[in-house]
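> The following block contains the structure, expressed as structure tokens.
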Amino acid sequence: MCGIVGYIGGEEAAPILLRGLQKLEYRGYDSAGIAVLGEAGLKVCKSKGRLAALEEKIALENASALPGAARGTLSLEGTMGLGHTRWATHGEPSDVNSHPHTDVSGKIAVVHNGIIENHAKLRAWLKDHGVAFRSETDTEVIAHLIDFHYNGDLLRAVMETIQRLEGSYALGIICENEPDRIIAVRRESPLVAGAAAGSSFIASDVPALLEHTRDVYYLDDREIAVLFRDRIEFYNDEGQPVLKETARVSWDAAEAEKGGYEHFMLKEIHEQPRALVDTLRPRIRNEESTDGSAPFRSINLEEIGFDSSWAGAGRVVIAACGTAWHAGVVGKYAFEHYVRIPVEVDVASEFRYRNPVLDPANPGGDIFIIISQSGETADTLAAMRMAKKKGARIVAITNVVGSTLAREADLVMYTWAGPEIAVASTKAFTTQLMCLYLMAVRLGFLRGTLDGEASAAAIEAMEKIPQAAEKILSEKEKIQRFASRQFNKTKVFYMGRLFDYAVSMESALKLKEVSYIHSEAFAAGELKHGPIALVDQHTLVTAICTQSRLFDKMDSNIKEIKARGGTAAVITYEDVTAFDETADEIFRIPRTDESLSPLLSVIPSQLYAYYCSVLRGLDPDRPRNLAKSVTVE
Ligand code: M6R
């Protein structure tokens, strides 16, 4: 995944592009570059490394220009341009592989997010036509192809070029001969456009635009935007004009800032109580009883279209990637518990290449739940499209309004988490869980597996979660102290049973992502079937213990760890004494309905991962080799 920005207006473009890229650095940060078009023509500056390296390079180039140099002679002067922050796919991170890429004559510049699958064929064809390539990227073919088709009409050249591209792309294109416009186009990679007085913008994601406008246009697949200083025109890929409406972004620029926290990850962990309230509250209502008894609390999902027509489903199928898949695993246990319905859950990259049995002719059909924070993950989108083709009814759980997932699903349930910038997902996970619980309890009620009383009790328990999360956060220093003693342990396991196994998987992922510590999760019952061979005095095992009927089993597992010299930590409720004698450290969470425990039990693990990352001198917001959303396979 990469981030692209574009600006055309009346101000110097370079600082605006760099500020936009700062907001998108979470999308990729192994190299960055900008192209600016001004009186001196098209100028490009790019650099391997984080954005700061590019900023330094630009500052150096400007400093080396002649003192008092006239406008037009400094490098990178001009009031329009493109920017890119890269997560390398084709070709290692290097200055030359960084975007923007230009055609041979250097008059056309292109930034790209996505993958051109037929780039090798196109490269060979262009070479046969005399083109000399500079980089190893798939993107460079686009610049040369546009040049090949260009005969004075950039829009036409872009339209002819995209006919020849296979794969995914969001593109920004400028041409020295047409200094009044930027062309942008997308297919399967996100792109938003926005306008403010006398200027127009494009970006891969909304935070890059918020400084300028909150009214944005989400481009649909194969749509083209032509950005002028005073307007934006939209076309389909056949060149016919398209009328588009703006969407108002409900959060502002401040929400996409660190707000006093040292890192976005810590800020987002702390935002969970509020995010959970925002996700839960609008979906709860007071309902009058028909028999004159007291009003009761119920879940209202009719507004998003989840009405009784979904109640006859024969099965629930869930697919997602990474953290969102872990949410799906919790969802499986929740649907089985509240709805007593068969549930299948799979990682989207497996699901899409299996030959899954989805049969709309089954009594009631399948509810297919697809989960993605970004709504743009390539495998997740592919899984959804396959399920749709096979006739399943699709419910998307996503955090990004207007994302591809949101637009293509039959029904969308938003996680109102606000922007999640840190690469490691935290508040998206817990709000995804909240959505799954809401859906499970509602479906249970509609199908009669939960009566009004049981449903109201579940809702009451859900409403207590945000405050309980607040309490865990208020005790974070204990986790910080533990991390400062343990962060050098490089063999870390999480284990649990049922809901706790799902949280173990998420905990291990969090730790490995941001601290680079090798951590794995296993179902506690599996300990003796293999993992125990790895346990010695260098091992830390955290046991997540929230399912009281299995406490004895968990305690035996902990003893087995201790007997082999391992260190054992436990995450359990504040009133549980079952592990007092065995565990080396106990992190306590407020008591809750045991089926809802993942909403709380994951928070200590998120904090532990964060502190280990910081203690190891790493940047938890931007772990190596990762990107916030994986829009390519
Ligand atoms: O945007 P998505 O929820 O579809 O992203 C899925 C995964 O790539 C994501 O959850 C990833 O595993 C996170 N880095 C986990 O922290």
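The values are calculated or read from the model by the stated rules, or taken from the named source; none is laboratory data. Predicted model only: the values in this text are computed from it and were never measured. Cβ: placed from backbone, ideal geometry, glycine included. Neighbour counts: every protein chain shown.
> Please work out which residue is farthest from residue 607 (Cα to Cα), limiting yourself to segment 461-476 and to residues that are of a type in the set (Asp, Glu) and under 27 Å from the mean Cα position of the chain (by Cα).
463
> Could you check segment 574-583 and list, in sequence order, the residues that are surrounded by fewer than 18 Cβ atoms within 10 Å (Cβ to Cβ), in contact (Cβ under 8 Å) with a residue 12 or more places away in the chain and not hydrophobic (A, V, I, L, M, F, W, C)?
Result: 574, 575.
> From the set of residues in segment 340-356 that are crowded, with 23+ Cβ neighbours inside 10 Å and more than 9 Å from the ligand (Cβ to nearest atom), which is modelled with the lowest pLDDT?
So, considering only residues that are crowded, with 23+ Cβ neighbours inside 10 Å and more than 9 Å from the ligand (Cβ to nearest atom), the one modelled with the lowest pLDDT is 351.
> Taking the stated definitions as given, is residue 396 assigned by TED's automatic domain parsing to the domain that holds residue 313, modelled with pLDDT under 95 and out of contact with any Cys (no Cβ under 9 Å at 6 or more places or on another chain)?
For residue 396, the condition - assigned by TED's automatic domain parsing to the domain that holds residue 313, modelled with pLDDT under 95 and out of contact with any Cys (no Cβ under 9 Å at 6 or more places or on another chain) - is not met.
> For residue 280, all conditions in the list (1) within 16 Å of the ligand (Cβ to nearest atom); (2) in contact with a helix residue (DSSP H, G or I) (Cβ under 6 Å, 6 or more places away or on another chain); (3) farther than 21 Å from residue 356 by Cβ hold save one; what is the number of the exception?
(1) is the only condition that residue 280 fails.
> Among the numbered conditions (1) within 12 Å of the ligand (Cβ to nearest atom); (2) in contact with a helix residue (DSSP H, G or I) (Cβ under 9 Å, 6 or more places away or on another chain), tell me where residue 442 comes up short.
Just one mismatch for residue 442, condition (1).
> Please indicate, with yes or no, whether at least one residue in segment 310-320 is on the phi < 0 side of the Ramachandran plot, surrounded by fewer than 22 Cβ atoms within 10 Å (Cβ to Cβ), of a type outside the set (Phe, Trp, Tyr) and touching a Ser or Thr at 6+ places or on another chain (Cβ under 6 Å).
no
> Which of the residues belonging to segment 367-419 are within 23 Å of residue 303 (Cβ to Cβ) and more than 16 Å from the ligand (Cβ to nearest atom)?
Listed by number, the residues that qualify are 367, 388, 392, 393, 410, 411.
> Considering only segment 493-544, state which residues are surrounded by fewer than 22 Cβ atoms within 10 Å (Cβ to Cβ) and among the small types (Gly, Ala, Ser).
523, 525, 530, 533
> Restricting attention to segment 310-328, and to residues there that are of a type outside the set (Gly, Ala, Ser) and part of a strand (DSSP E or B), which single residue is farthest from the ligand (Cβ to nearest atom)?
Once the filter is applied, the top-ranked residue is 315.
> Residue 333 - would you say it is crowded, with 23+ Cβ neighbours inside 10 Å, outside any strand (DSSP E or B) and away from the ligand (no atom under 16 Å from the Cβ)?
Judged against the criteria, residue 333 is not a match.
> Starting from residues that are part of a helix (DSSP H, G or I) and among the charged types (D, E, K, R), keep the ones in segment 279-293 and report whichever is nearest to residue 413 (Cα to Cα).
283
> May I ask you to say which residue of 523, 533 is touching a Gly at 6+ places or on another chain (Cβ under 8 Å) and aliphatic (A, V, I, L, M)?
Answer to the selection: 523.
> Of everything in segment 140-169, what is of a type outside the set (D, E, K, R), closer than 18 Å to residue 104 by Cβ and in a helix (DSSP H, G or I)? Give them in sequence order.
Selection gives 141, 142, 143, 144, 145, 146, 148, 149, 154, 157, 158, 161.
> So, one more: Applying the selection to segment 170-212, what residues are assigned to a loop (DSSP other than H, G, I, E, B) and either within 22 Å of the chain's Cα centre (by Cα) or within 15 Å of residue 233 (Cβ to Cβ) (or both)?
Of everything in segment 170-212, those that are assigned to a loop (DSSP other than H, G, I, E, B) and either within 22 Å of the chain's Cα centre (by Cα) or within 15 Å of residue 233 (Cβ to Cβ) (or both) turn out to be 178, 180, 181, 189, 190, 191, 204, 205, 209, 210, 211.
> Sticking with this one: How about segment 44-59: which of its residues are charged (D, E, K, R) and buried (at least 21 other Cβ atoms within 10 Å of the Cβ)?
Of everything in segment 44-59, just one residue is charged (D, E, K, R) and buried (at least 21 other Cβ atoms within 10 Å of the Cβ), namely 46.
> List the number of the failed condition for residue 205; all other conditions in (1) of a type in the set (D, E, K, R); (2) more than 19 Å from residue 169 (Cα to Cα); (3) in contact (Cβ under 8 Å) with a residue 12 or more places away in the chain hold.
Here residue 205 meets the rest and fails (2).
> Determine which member of the set 147, 95 is acidic (Asp, Glu) and at pLDDT below 95.
95
> I've got another one for you. So how many residues does segment 589-633 have that are within 16 Å of the ligand (Cβ to nearest atom), over 19 Å from residue 494 (Cβ atoms) and in contact with a helix residue (DSSP H, G or I) (Cβ under 8 Å, 6 or more places away or on another chain)?
Residues flagged as within 16 Å of the ligand (Cβ to nearest atom), over 19 Å from residue 494 (Cβ atoms) and in contact with a helix residue (DSSP H, G or I) (Cβ under 8 Å, 6 or more places away or on another chain) within segment 589-633 amount to 12.
> Please state which of the following conditions residue 96 fails to meet, knowing it meets all the rest: (1) under 23 Å from residue 626 (Cα atoms); (2) under 27 Å from the mean Cα position of the chain (by Cα); (3) not polar (S, T, N, Q).
Unmet for residue 96, out of (1) under 23 Å from residue 626 (Cα atoms); (2) under 27 Å from the mean Cα position of the chain (by Cα); (3) not polar (S, T, N, Q): (2).
> Okay, moving on. From the residues in segment 357-373 that are assigned to a loop (DSSP other than H, G, I, E, B) and touching a helix residue (DSSP H, G or I) at 6+ places or on another chain (Cβ under 8 Å), which one is surrounded by the fewest Cβ atoms within 10 Å (Cβ to Cβ)?
By that ranking, first place goes to 358.
> Here is a check on your reading of the model: is residue 566 surrounded by 17 or more Cβ atoms within 10 Å (Cβ to Cβ) and not basic (Lys, Arg)?
yes
> Something else now. Taking the conditions exactly as written (at pLDDT below 95, within 30 Å of residue 383 (Cα to Cα) and outside the structural domain of residue 373 (by TED's automatic domain parsing)), does residue 623 satisfy them or not?
yes
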